[in-house]
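Engineer: What follows is a single structure, and I will ask about it in a moment.
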Amino acid sequence: MADRVTVIGWDGSPLTDAARGALGAATLVAGAPHHLVLPEVPPAAERVRLGSVALAARRIAGHRGTAVVFADGDPGFFGVVRTLRAPEFGLEVEVVPAVSSVAAAFARAGMPWDDAQVVVAHKRTLRRAVNVCRAHTKVAVLTAPGAGPAELGLLLEGVHRTFVICEELGTDREQVTIVTSDRAADHTWRDPNVVIVIGGGPAAGEDGGWIAGRDPAAGPRGWTRPAAAYDGTLGEGETELLRAAQLARLGPRVGDLVWDIGCGSGAFATEAARGGAAVIAVDRDPDACARTEAAARRFGVQLQTVHGTAPHVLEDLPEPDVVRVGCGGAAVVAAVADRRPERIVAHSATRDAAELIGRDLTEHGYRVECALLQAVELDTRAWTETERSVAFLLTGEIVRSRAAR
């Protein structure tokens with residue numbers, strides 16, 4: 001095992017005395033090609049090109065001597081330190097930090113970033129990174145080959161954003177380019193790069209906030225809001241308690257894409273977006289789409305509306321994680337199930353309709369639960385009944401094999 005492992009962050013600035021001292025004693029140096037050609041790397045040191053960090057960690061663990069690992073930016077921020085410290089390698093590391101690539105990118109753009117979401121995009125997480133860009137007004141994306149600015153722009157089709165693309169930060173080839181998301185695929189971008197994704201709504205206040213990223217306390221308390229918050233326009237199947245149950249069953253979260261089919265007043269779509277999920281709200285009524293957009297503006301959330309009739313309009317939408325079917329019955333539920341979201345919720349007014357939806361979900365490989373929800377609202381001034389609603393709530397959760405898990 002290596003006698004000593006030092007991880008040096010590199011942002012293009014001159015190396016610190018601590019970094020120079022560790023590097024001067026190194027018998028093995030791992031890093032990207034532009035690190036390995038630095039003049040401070042000892043000529044006699046073994047050089048390891050840093051592709052797979054896990055493979056390099058195994059090499060270092062078996063090395064007898066002193067090792068140095070270079071990493072762009074701050075190696076403790078989405079960097080190599082986590083992998084090197086994994087129990088299977090048994091490495092104890094010292095870290096010489098540098099300015100993170102995200103901090104450098106926002107510095108080049110002259111923008112604050114305490115209100116930004118920060119995500120890592122590679123081929124496995126690209127879709128979830130895009131969903132964060134759909135749902136939030138300021139996002140920094142640390143990219144990877146095959147999950148860069150072009151791929152981000154293609155997957156954001158229908159959603160306008162501005163990209164600030166920072167290529168090869170800290171090197172002589174550093175370049176900052178501003179393009180709209182629909183034009184990002186027209187160019188070839190150099191790795192590594194950081195993409196700042198901006199747009200979709202008003203920026204945070206000038207006085208800043210108290211927590212980095214999105215303020216979880218923004219907006220009113222509660223998962224759901226009463227009809228008065230939506231100008232009293234709630235339709236059938238949009239009662240506050242039913243929406244609360246649907247949100248609880250779906251559990252939309254940051255990185256998810258939610259479909260709300262039959263968005264009506266926009267109440268459910270807005271409330272799902274308040275939790276940080278990306279939302280596409282679908283309705284055949286253009287007035288419903290307009291009401292949904294107005295509700296989103298009122299509550300300061302980002303969502304996309306699509307005017308059209310389900311199930312046909314669903315064919316070109318990006319893959320959902322969870323879906324609420326507010327209208328359309330079994331035919332729409334079956335079309336949604338074909339897309340294999342993790343969970344689907346639907347409701348019906350009758351038991352016969354609930355059984356039909358439940359059978360369709362079961363045939364598509366979903367485990368089905370159904371509950372009869374009855375709500376009675378009371379006027380607390382006289383404790384008299386003002387409204388009564390009854391609905392069958394169905395939840396379908398996809399059944400995965402143990403191997404798939």
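The values are calculated or read from the model by the stated rules, or taken from the named source; none is laboratory data. From a predicted model like this one, the values you see are computed outputs, not experimental measurements. Cβ coordinates were reconstructed from backbone atoms using ideal geometry, including for glycine residues, and neighbour counts include every protein chain displayed. Please note that ligands, DNA and RNA were not included when accessible areas were found on the heavy atoms of the full protein model with its side chains. Shrake-Rupley method; radii C 1.70, N 1.55, O 1.52, S 1.80 Å.
Engineer: If I ask for residues that are in contact (Cβ under 8 Å) with a residue 60 or more places away in the chain and open to solvent by less than 10 Å² (accessible area, probe 1.4 Å), which ones from the range 135-173 would you list?
Structural biologist: Across the range 135-173, the qualifying residue is only C166.
Engineer: Would you check which residues across the range 49-65 are assigned to a helix (DSSP H, G or I), open to solvent by 10 Å² or more (accessible area, probe 1.4 Å) and touching a Leu at 6+ places or on another chain (Cβ under 8 Å) and list them?
Structural biologist: Result: V53, R59, A61.
Engineer: Please verify whether A228 is out of contact with any strand residue (DSSP E or B) (no Cβ under 7 Å at 6 or more places or on another chain) and either open to solvent by less than 60 Å² (accessible area, probe 1.4 Å) or assigned to a loop (DSSP other than H, G, I, E, B) (or both), treating the condition exactly as stated. If you could, list the steps in order and put the result at the bottom.
Structural biologist: Numbers: out of contact with any strand residue (DSSP E or B) (no Cβ under 7 Å at 6 or more places or on another chain): yes; either open to solvent by less than 60 Å² (accessible area, probe 1.4 Å) or assigned to a loop (DSSP other than H, G, I, E, B) (or both): no.
No.
Engineer: With the requirement that a residue be over 17 Å from R249 (Cα atoms) and open to solvent by 100 Å² or more (accessible area, probe 1.4 Å), what does the range 361-373 give you?
Structural biologist: E363
Engineer: Which of the strands (runs of 3 or more DSSP E) found entirely inside the range 66-134 contain at least 1 residues meeting this: free of Cβ contacts under 8 Å to residues at least 12 places away in the same chain and more than 22 Å from G21 (Cα to Cα)?
Structural biologist: Values: elements: 66-72, 93-96, 117-120.
Strands (runs of 3 or more DSSP E) meeting the threshold: none at all.
Engineer: Only residues that are farther than 28 Å from H35 by Cβ and open to solvent by less than 60 Å² (accessible area, probe 1.4 Å): list them for the range 185-196, please. Break it down into steps so the answer makes sense when it comes.
Structural biologist: Just the residues of the range 185-196 that are farther than 28 Å from H35 by Cβ, to begin with: 185-186.
Answer for the range 185-196, where residues must be farther than 28 Å from H35 by Cβ and open to solvent by less than 60 Å² (accessible area, probe 1.4 Å): just A185.
Engineer: Still on this model: Please state which of the following conditions G275 fails to meet, knowing it meets all the rest: (1) out of contact with any helix residue (DSSP H, G or I) (no Cβ under 8 Å at 6 or more places or on another chain); (2) of a type outside the set (A, V, I, L, M); (3) without any contact (Cβ under 8 Å) to a residue 60 or more places away in the chain; (4) closer than 20 Å to E342 by Cβ.
Structural biologist: Just one mismatch for G275, condition (1).
Engineer: For the condition touching a Ser or Thr at 6+ places or on another chain (Cβ under 6 Å), at pLDDT 95 or above and of a type outside the set (A, V, I, L, M, F, W, C), what is the one hit in E369, E377? Spell out how you get there, then give the answer.
Structural biologist: On the way: E377 fails: at pLDDT 95 or above.
Result of the check over E369, E377: E369.
Engineer: Scan (1) in contact with a Lys or Arg (Cβ under 7 Å, 6 or more places away or on another chain); (2) within 11 Å of I198 (Cα to Cα) for the single condition T137 breaks and write down its number.
Structural biologist: Unmet for T137, out of (1) in contact with a Lys or Arg (Cβ under 7 Å, 6 or more places away or on another chain); (2) within 11 Å of I198 (Cα to Cα): (1).
Engineer: Please go through the range 325-336 and give me each residue that is modelled with pLDDT of 95 or more and surrounded by fewer than 22 Cβ atoms within 10 Å (Cβ to Cβ), ordered by number.
Structural biologist: Hits for the range 325-336 are A334, A335.
Engineer: Would you confirm, using the coordinates I've provided, whether V29 is open to solvent by less than 20 Å² (accessible area, probe 1.4 Å) and assigned to a loop (DSSP other than H, G, I, E, B)?
Structural biologist: Numbers: open to solvent by less than 20 Å² (accessible area, probe 1.4 Å): yes; assigned to a loop (DSSP other than H, G, I, E, B): no.
So V29 fails the test.
Engineer: A follow-up question, please. Tally the residues that are open to solvent by less than 40 Å² (accessible area, probe 1.4 Å), small (G, A, S) and either within 22 Å of L155 (Cα to Cα) or part of a helix (DSSP H, G or I) (or both), restricting the search to the range 242-297.
Structural biologist: Matching residues across the range 242-297 total 15.
Engineer: Please find, within the range 66-90, the residue that is modelled with the highest pLDDT out of those that are open to solvent by 20 Å² or more (accessible area, probe 1.4 Å) and at positive phi.
Structural biologist: Going through the qualifying residues, I end up with F78.
Engineer: If you don't mind, there's one more thing I want to ask. Taking the residues in the range 32-48 that are more than 17 Å from P75 (Cα to Cα) and touching a Ser or Thr at 6+ places or on another chain (Cβ under 9 Å) as candidates, determine which candidate is most open to solvent (accessible area, probe 1.4 Å).
Structural biologist: A44
Engineer: So V322 ticks every box in (1) of a type outside the set (S, T, Y); (2) open to solvent by less than 10 Å² (accessible area, probe 1.4 Å); (3) more than 21 Å from the chain's Cα centre (by Cα) but one. Which box is left unticked?
Structural biologist: All conditions pass for V322, except number (3).
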